[in-house]
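No lab work stands behind these numbers, since they all come straight from the coordinates. What you are looking at is a predicted structure, and each value in this text was computed from that prediction instead of being measured. Positions of Cβ are generated from backbone atoms using ideal geometry, with glycine treated the same way; all protein chains shown enter the neighbour counts.
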Amino acid sequence: MKLTLKIWRQKNGQTKGAFQTYSLDNVSGDMSFLEMLDVLNEDLINNNEEPVVFDHDCREGICGACSLQINGEPHGPDALITTCQLHMRSFNDGDTITIEPFRAAAFPVIKDLMVDRSAFERIQQAGGYISVNTSGNTIDANTIPVDKASADAAFDAATCIGCGACVAACKNASAMLFTSAKVSQFSLLPQGKVEATQRVLNMVEQMDKEGFGNCTNTGACEAECPKGISLEFIARMNREYLKASIKG
Ligand code: SF4
Ligand code: FES
């Protein structure tokens, strides 16, 4: 395939960015999207030009690092996959592909297509943990019975990889889908109930401090989430937050 790539280039967070156009020949449909960018970068390096900076790590859909807005959609045109799982066979010979970083005030650009998502880390640090007594009388987690429905829901919530596509897809740059998944993966289980009240208050407070927008129930986050995290978790977190606020 022959492709035209319109790629966002930006030196750093302090300078203005702009799109630059590149042409790439001999792109195979079996290449992943990131491998296609690797080929472009090899060409740029061979021509003594600066390679395009983009985030990636596992390249198998589990780390959440590969954050690209492709033709206006986080993680590109295919549903329920990350950018690293997207293959070039999803595009056609002669296509023009626009590649941008995830756009949100709380995700400042570091360089080119790489953004700083440490706001998510701080939301996690505000409550995304449980306290376990490790003083010698630790109880095996398997000795505490968990009903199947709660275990399944907690597992579904825990599949969130923290990629930030929900924020990039939302017109308000809301982080409610991410935060609700992280709150729920703990509070649905007995081990996470001990700190549940403080957890939801702290994580929502941190989310607001980071400058993410409000949720207005448009559902764009759910539609673009590579892990299929359901809007149900936002409704769940809202109920949990209300109860926690009343309890104080
Ligand atoms: S909820 Fe989905 S889109 Fe949002 S961070 Fe988690 S995996 Fe990514
Ligand atoms: S590089 Fe890890 S999910 Fe894509």
Worksheet item: Could you give the distance between the Cα centres of region 16-64 and region 119-162, to the whole Å?
Response: 36 Å
Worksheet entry | Estimated inter-spin distance, I144 and I45, nm [label 7 Å along Cα→Cβ] | 4.8 nm
Worksheet item: Under a plain spin-label model, where a point goes 7 Å from the Cα along Cα-to-Cβ, how far apart in nm are D116 and D25?
Response: 4.2 nm
Practice prompt. Determine the shape class of region 117-247: with a ≥ b ≥ c the square roots of the Cα gyration tensor eigenvalues, call it rounded for a/c under 1.5, and otherwise prolate if a/b is greater than b/c, oblate otherwise.
Written response: prolate
Discussion item. What does the charge count around A119 come to, taking other residues whose C-beta lies under 15 Å from its C-beta (Lys +1, Arg +1, Asp -1, Glu -1)?
Written reply: -1
Discussion item. Positive end of the dipole of the chain, charges at C-beta (+1 Lys, Arg; -1 Asp, Glu), about the Cα centre: which of Y241, G213, L5 has its Cα farthest in that direction?
Written reply: Y241
Worksheet item: What is the local net charge at Q191, summed over the other residues whose Cβ is closer than 13 Å to its Cβ (Lys, Arg +1; Asp, Glu -1)?
Response: 0
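How much net charge surrounds E100 when only other residues with a Cβ under 12 Å from its Cβ are counted (Lys, Arg +1; Asp, Glu -1)?
Numbers: positive: K6, R9, R103; negative: E73, D112.
Once all neighbours under 12 Å are counted, the net charge is +1.
May I ask you to compute the full-extension gain from N12 to D57, defined as 0.36 nm times their residue separation minus their alpha-carbon distance, rounded to one decimal in nm? All intermediate terms of the calculation are to be shown ahead of the outcome.
Details: separation 45, 0.36 × 45 = 16.20 nm, distance 2.09 nm.
Gain in length upon complete extension: 14.1 nm.
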Worksheet item: Between T218 and residues 5 or more places away or on another chain, which pairs have amide H atoms under 5 Å apart, with H built 1.01 Å from N, and which residues are they?
Response: none
